[in-house]
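Here the structure comes first, spelled out in C-alpha cells, and everything after it is commentary.
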Amino acid sequence: MKDAQETAGQADWTPLQSAYIEKLFATYRANLRFLHENFPGVFERLMATELPAPFTIGPDAAVTIFSGPYMGSLRDYTDLGRILFEQFKPQRKETRIWVEAGYLDEPRQITSHGENPDFFRPVEARFRGELVARFNEFCPDREKDRLERPAFGEQVLPLVLVFGSGFGWHLERLVDEYEIDHLFIIDTDVERLNLSLYFVDYIALNQRFMARGRSLSIAFHENNEIIAGSILSIIQKYAPPYVVQGAALFFHDYDSERVKDIWERVRANMGRLFRGWGFFDDEILGLRHAIENSLAKRPTFVGGKQVPEDGVAVIVGAGPSLDTLLPVLRQYREKLVVISCGTALSALANAGVDPDFHLEIERTAATYRVLDTPQTRAVLAHTPILTSAIMFPGVPGLSPEPAMFLKEIDFGSNMLDFQNRLPRIRTNPTCTNGGLDFVLKMGFQRVYLFGVDLGFLPEKNHHSLNSVYYNGIAKEGFLAQMVDNTHALHRDTTPVPGNFEETVLSTDQFMYSRDVMQVCVAEHPRAKVFNPNNGAKIAGAHSIRPEEIEIETSREAREQAIAAIKASFESGVTDDMVCNTTDLIEQFDAVIADLTVLFAQPITRKADLFARLADMHAYFFFKKHQEAQVFPLMRGTMQHMGRFAYDCFALMRDEQRAVEFGPVVFDLFLRFLRAGRENLVALRTLAETGSLPDPKEN
C-alpha cells in the first residue's frame, strides 16, 4: 500500500487543512496497527492493495469523500448513515435471523432420545421437557404472551451483523444507542473498508466492547464463500452459537447483489451453528462403554508403526459408486489393505468381497443390531474389527480380533487417557471419516476412497444397491425402520459440486463429512488420496475415473501393512477408570458450585437473563478449563439448555414475566446436573466392581 498521505493534497496546505489531514492520517495509522494486532488477515489484504486517500480537503478543511462512483461532503455521508440507521431502528422482522423453534409446540423434537432403550438412565430429556412445559405455563396464550420474533429488552441486541463499514457514522450510533454484546462488521469492498479507517476510531470501539466482556470483530474478503464461512466461524468463536437467534442485520454495503448472495450462503449454512454439540446422556453412554471395554482389556491404538511406502489402502463406504468399483476392488484385492466402514460391510458381504478390517464408530447398541445379520456375522467371524473406545461392548465380541481407538474430541476417550498420551482418530461424522484419518495416521501414502460418494445423482440410489438399504435383507424390525428413515433423510438434499458431474445432491451429514475429509487430506500433504466416485468433489483428493485406476504394489506390501496395523494396538495402556471417575465427580461438584454462584446474581431485566447465559457459555469454554475432563461432558448439553432458555426468554412478551421465569430455569439447570451426578456415581461403581448398582427410586 502506498503512503496515502502522498496523494492527499499539496505542500502549500493551510494550517487548518494541514491539522485536519494530520488528524485523519493519525486515525488511519492507529487503525492499521489495531488491525495488524487483532485481525491480521484483514490487515494483510489491505496492505496488498494500492489505495489512495479516499478524500480531498480544501483550505477551509472542507472534506470531499470518494467511495466508488459516489462523492459527497461529510454532511452527505452523515445524512446517508442517518437514513440507513433509521431503517435499522424499527427492527422489522425481515431484518432479524430466526431459526425455527418448533420444539416449543412439539417437545418430543428435543426429548425423544429419552425413549431410546440404548441410553443409560437418561436424565437430560426429562429436564428439557420440563423447561418447555414451564415456558408454556408462563406463556399459555400464544397471541398475548409470546412474540413472533425474539426481543431482548429496550435497546438490547446480543448480536448485530453489519454489512459494510464505509464512512462509519452508523457504527458509532450502534454503540451509543444499543447494548450490543457482539458486533461483527463484514466488508466486501477493500476501498470502503479503507475509507472507514480514516473516520472510525476502531480502537475506541473495541475498548468499549472489551470493557464489558463483549466482542467486536471485522471480516473482509473478496470471495463470497470464504466470507460467509468467516461469519459463521466468528460467531462460533466469540459467542454462544444460539445468539444468532434474533440477531439484527444492518446493511450499509452498496453491493446489494453481492451482500444478498453472502447472506443467502450464511442462511443456507445456519444449521452448522446448531450441530455437533453433543449431549450429556450420549456422553454418559460413551463413558459406560469405555469403562466396560476397559474392563475387557481391549487392545488400544497406540500408533508408532509405519506401513511400507508402497502400501495401498482402500476405504470402503456404502455409497452408490461402490457398485461400479467392485470389479476394480476384485481385480486388485490381493494387493490392497481394505477397510470397510459402517454399512459398507453389508454391501461387501453381499458381493462376496471380504475386507481386511472393519471399522465402526457409533456408540449405541444400534450398531450391533445393524451387524447382527447372518451375512455380516459370517464376515466378522474372521475379520478384525476396529471400533471407537465407546462402542457398545457387544460389537467387538462379533470378531475374533477386536481392537479399539480413541476418538478425537470425545469425552469417553478422554476418560481412558487423561493426559492425552495416546493418538486420537478423527471420526465425525461418519465411519468413512474415521477410516480415512486412521490410514493416513498409519502412514499410507496412497489411499483410494471406494463408495465414499457423499452425494448422489438425482433420481438415483443414494447408497450401493448391494448395501442393507437396497439388498432386501431389511425386511422387518429395526433394520427395516432404519432403512425407511435413511430413505426419508435423503429426500432433503442440497446441490454441491460433483467429482465428475457439475453438481450432485448431498445431505447435511454428507456435506459435513466432506468438509472434515478435506481438512484431513490437507493435514497429510505427502499422501495421495484418490476419489473415483461419481459423488461429491472432495477438495485435495485426486479425481480419477474407475477405468483409469492402475495399482502398482505387491502382496508383500499388503501383508506388511496389515501386520503394522495390528502391531499398532496394545493392551493395558489405558488409565485406571476408578481413579478417573472419582476425579471426574470432584470436578463435577466444583462446576455445580460455580454455577450456583453464577445463577445467584441478581436479575432485574430481560437483558440480565441473556447475560447469565453468556456467562455460563464463557465459563464452559474458559481456556483454563480446556484440560479438565468434566467440561467435554457438560459443554454440549449446557449449550442445548442455553439455547432452549434463550429462545424462551427472547419470545416472552412481558419483561417482568421473563424476569420471574429466569430463576425457574436456572434452578432447573442445577437440578439437572445433580441428577446427572447420580449416573456418574453409578459408573464409578461399575469401574470398581464390574457391575452397576440398582437405580435409585426417583
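The values are calculated or read from the model by the stated rules, or taken from the named source; none is laboratory data. In this text the structure is predicted, and so the values were computed from the model without any measurement. A quick note on method: Cβ atoms are made from the backbone with ideal geometry, for glycine too, and the neighbour counts reach across all protein chains shown. Ligands, DNA and RNA are stripped out before the accessible areas are found, and what is left, the full protein with its side chains, is counted by its heavy atoms. Shrake-Rupley method; radii C 1.70, N 1.55, O 1.52, S 1.80 Å.
Annotations for the structure displayed:
- Within straight-line reach of Lys623, meaning a Cα separation under 17 Å, sit the following aspartates and glutamates at least 8 residues removed in sequence or on another chain: Asp594, Asp615.
- Efficiency of FRET between Asp141 and Arg96 - r from beta-carbon atoms, R0 30 angstrom, step 0.05: 0.85
- 0 to 90° range, to nearest 10: angle between helix 555-567 axis and the chain longest Cα axis: 80
- Förster radius 45 Å - calculated FRET efficiency between Glu37 and Leu670 (Cβ-Cβ, nearest 0.05): 0.65
- Given their separation in residues at 0.36 nm each and the Cα-Cα distance between them, Gln601 and Glu44 gain 196.2 nm when the chain is fully extended.
- Per residue, in Å², the accessible surface of the range 423-526 once ligands and nucleic acids are set aside, probe 1.4 Å: 44
- Shape of the range 497-574, Cα gyration tensor, a/c cut at 1.5: oblate
- Of the peptides 346-358, 293-305, the order by per-residue mean of other Cβ atoms within 10 Å, starting with the highest, comes out as 346-358, 293-305.
- The listed peptides 132-145, 195-208, ordered by packing as a protection proxy, come out as 195-208, 132-145 (highest mean of other Cβ atoms within 10 Å first).
- Three semi-axes describe the equivalent ellipsoid of the range 184-309; taken as square roots of 5 times the Cα gyration tensor eigenvalues and ordered largest first, they are 42, 19, 17 Å.
- When only Cα pairs below 8 angstrom with a gap of at least 6 residues are kept, the range 30-107 shows a relative contact order of 11 percent.
- Computed FRET value (nearest 0.05) for Asn116 with Ala522, which takes r as the C-beta separation and R₀ as 30 Å: 0.25
- Quick note on the chain: its Rg to Rh ratio, both from C-alpha atoms and Rh being the Kirkwood radius, is 1.02.
- For the chain, the longest principal axis of the alpha carbon atoms and the long axis of helix 280-295 meet at an angle near 40°.
- The chain: angle of helix 124-138 to the longest principal axis, Cα-based, in degrees nearest 10: 40
- Gained length - Arg275 relative to Asp583, 0.36 nm times residue gap less alpha-carbon distance: 108.0 nm
- Burial order of peptide ranges 384-393, 514-523, 70-79 (average beta-carbon count within 10 Å, highest first): 384-393, 514-523, 70-79
- Neighbours of Arg126, meaning other residues whose beta-carbon lies under 12 angstrom from its beta-carbon, give a summed charge of -1 when Lys and Arg score +1 and Asp and Glu score -1.
- Length-normalised contact order of the range 197-292 in % [C-alpha pairs under 8 Å, at least 6 apart]: 26
- The chain, relative contact order [Cα under 8 Å, separation at least 6], %: 15
- 3J(HN,Hα) along the range 516-521: 5, 4, 4, 5, 4, 5 Hz, from the Karplus curve 6.51 cos²θ - 1.76 cosθ + 1.60 with θ = phi - 60°, whole Hz, x for Gly and Pro.
- Loop-resident sites, the range 201-288, for GluC sites (Glu not before Pro), counting at most 15 other Cβ within 10 Å (DSSP): Glu222
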